[in-house]
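The values are calculated or read from the model by the stated rules, or taken from the named source; none is laboratory data. Since the model is a prediction, treat every value here as computed from it, not as a measurement. Note that we place each Cβ from the backbone using ideal geometry, even for glycine, and neighbour counts take in every protein chain shown.
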Amino acid sequence: AQSVTQPDIHITVSEGASLELRCNYSYGATPYLFWYVQSPGQGLQLLLKYFSGDTLVQGIKGFEAEFKRSQSSFNLRKPSVHWSDAAEYFCAVGPPGGGNKLTFGTGTQLKVEL
Amino acid sequence: IAGITQAPTSQILAAGRRMTLRCTQDMRHNAMYWYRQDLGLGLRLIHYSNTAGTTGKGEVPDGYSVSRANTDDFPLTLASAVPSQTSVYFCASSAGANTGELFFGEGSRLTVL
């Protein structure tokens, strides 16, 4: 069965610092990969997705993620964090070839210090 | 503003009672989903519907039922609520079954006592 691991439950960074959130997956083949963000009291919003092609994908709000097949990873990065980025971030995988029954990781709570 | 509307926003319910969480979308999306979110467990899929008239079971379907009579509505029913169903429930939709992009509602917080 597929699984997604986000090893960091909480991360704190200073505003302006760089950010990397880790995501590892277990799947029989290369799945579709996603990062979602959840602001307090809100639903989830898609940041970016990887289906195929260029392994470095750009998303909204200045985020990017890199797919590394050899490491089964899809880490999320941002060069300079803003206070408004404080939220919970979820990595998710979906069946290769389509299908939206996503499997989500347990999330990483990001705190930004001013 | 187009999107997904969930109701109620919050509810406290006695164990054994029946409860229906409502979800309506105005984006004319074909596929809809119900997830529950629990601390330390992330989001888990309860039920889904790829198109009106069809439904399917997700990862944690026991104790829940859904229906999809039309494109816009996808209610989730707890026939006899139990305390382990205390959670935040999110409805989501997508334009197709293979797009990967889900649009989420703001959630319904349910407490079963």
Give B:G100, B:G96, B:G107 a once-over and let me know the one that is within 10 Å of another protein chain (Cβ to nearest Cβ) and in contact with a Lys or Arg (Cβ under 7 Å, 6 or more places away or on another chain). B:G100
Tally of residues being crowded, with 20+ Cβ neighbours inside 10 Å and either over 14 Å from the mean Cα position of the chain (by Cα) or not polar (S, T, N, Q) (or both) across the stretch B:43-57: 5
Just give me the residues in the stretch A:10-64 being within 14 Å of chain B (Cβ to nearest Cβ), part of a loop (DSSP other than H, G, I, E, B) and among the aromatic types (F, W, Y), in sequence order. A:F51
Mind checking which residues of the stretch A:68-87 are within 14 Å of chain B (Cβ to nearest Cβ) and modelled with pLDDT under 95? none
Would you mind stating whether A:K111 is touching a strand residue (DSSP E or B) at 6+ places or on another chain (Cβ under 6 Å), surrounded by fewer than 20 Cβ atoms within 10 Å (Cβ to Cβ) and over 30 Å from B:T55 (Cβ atoms)? yes
For the stretch B:56-111, which strands (runs of 3 or more DSSP E) that fit wholly inside it have 3 or more residues that are aromatic (F, W, Y)? none
Restricting to the stretch B:34-52, what's the tally of residues that are in a loop (DSSP other than H, G, I, E, B) and facing chain A (nearest Cβ under 8 Å)? 2
